[in-house]
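One structure is given here, and the rest of the page talks about it.
The values are calculated or read from the model by the stated rules, or taken from the named source; none is laboratory data. None of the values given here were measured: they were computed from a predicted structure. Because the Cβ atoms are built from the backbone with ideal geometry, glycine has one as well, and the counts that use them run over all protein chains shown. Note: accessible area is taken over every heavy atom of the protein model, side chains too, but ligands, DNA and RNA are not part of it. Shrake-Rupley method; radii C 1.70, N 1.55, O 1.52, S 1.80 Å.
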Amino acid sequence: MKIGEGVGTPFEDSRRRLLAEFAAFPVSPKFSNAFAVLGFSSQQFALAKSILQIEGVARPWEVRAMEYVFGSISCALALSFGSKLKNYTVGPFQIGIMKSLQWTRTRVTPNTYFKRMLFLGSVLGSARMFKVALRYSRARKNGAVDLKLFSDFYNGIGNHRPHTLKYSEVLQYVVDSHRVPRKLANNFEGRVIERIGSRLDRIRQLVDGGEALDAVVMLSSVSERGIIFSRYFGSSDGSYPVLDIPRPVGSTLKVGLYAAAFEMCAINAGTLIEDAPFEISWLGEKIS
């Protein structure tokens, strides 16, 4: 079963919720401006934003703050006792300080180490170094970045356990959430209309009162999170705004909520309901 499809085990449900949390993490507009300044392509933009979302969820601000503390301690020990500098990952993209110095062929000293740590903490500096990482990784296939190869380069291969999420799996999911929905093939819509129309006609002939049967077909993309095709099939004429006009989610939920009210409150179409203001007490507050 693919992530995002159907209902699975509690573990699969947990994975699905976590992936959705990664994809929904907000990224500051400052980064979009930095990507524009640095001339990021649309693919680089989606990949960079996805990395920011993953790292933002996986490493909250308090964890990142500690990484700067450890980096500063490493720098101080190197200055005072000649200790070996450690490759702490810092900044919004979680790029290793030592690794980034190697990428830019910069001589490693406590001074360059500390300056690079501060550079990686800035919006433009971290975005610039991420672009260097893309160039350095060479994780490309058919002219595009191979997400599996890039994940191994960026996050390391490590030891993956079956009950955990792979970095490449998360990256693929989040990158897909930024892609523009694909257009349906030109002849696809015609084939759907023809086949469903003929099938509905056969059903009408076999069922009593079948001439009154209607149908609605909606196709959605799990990875692209959107409806890519919707069509009403029926004998009656007229417009059907439920299919054609975008609506707030509240309008979509009304049918289910009203149905639940009928079932739970034992009311029917003939029940009189007083249309007057009332108050509900909730958590010590009154809601009118």
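Quick one: what pairs do we get from segment 23-38, first residue closer than 20 Å to VAL57 by Cβ and open to solvent by less than 30 Å² (accessible area, probe 1.4 Å), second assigned to a helix (DSSP H, G or I) and polar (S, T, N, Q), C-beta under 7 Å, 6+ apart or different chains? Hits for this filter: ALA23/GLN53. A Cβ distance below 7 Å, combined with a sequence gap of six or more or placement on separate chains, defines the contacts here; from segment 145-159, residues that are more than 16 Å from GLU55 (Cβ to Cβ) and at pLDDT below 85 reach residues that are in a loop (DSSP other than H, G, I, E, B) and open to solvent by less than 70 Å² (accessible area, probe 1.4 Å) in the pairs VAL145/ALA139.
Being free of Cβ contacts under 8 Å to residues at least 12 places away in the same chain and either within 25 Å of GLY39 (Cβ to Cβ) or open to solvent by less than 10 Å² (accessible area, probe 1.4 Å) (or both) is the filter here, so list the residues in segment 87-112 that pass it. Within segment 87-112, GLY96, GLN102, ARG105, THR106 meet the criteria.
Within segment 42-86, the set of residues being surrounded by 15 or more Cβ atoms within 10 Å (Cβ to Cβ) and not in a helix (DSSP H, G or I) comprises ARG59, LEU85, LYS86.
Pairs needed: first member in segment 269-287, open to solvent by 100 Å² or more (accessible area, probe 1.4 Å); second member anywhere, outside any strand (DSSP E or B) and at pLDDT 70 or above; C-beta distance under 6 Å; at least 6 residues apart or different chains. Qualifying pairs under 6 Å: LYS286/GLU279. Scanning segment 182-213 for residues that are of a type in the set (Gly, Ala, Ser), modelled with pLDDT under 75, open to solvent by less than 70 Å² (accessible area, probe 1.4 Å) and closer than 15 Å to TYR232 by Cα returns a single hit, GLY190. The criterion of being part of a loop (DSSP other than H, G, I, E, B) and surrounded by fewer than 19 Cβ atoms within 10 Å (Cβ to Cβ) does not hold for LYS115.
Among the residues making up segment 235-259, those that are at pLDDT 65 or above, under 30 Å from ILE203 (Cα atoms) and hydrophobic (A, V, I, L, M, F, W, C) are LEU253, VAL255, ALA259.
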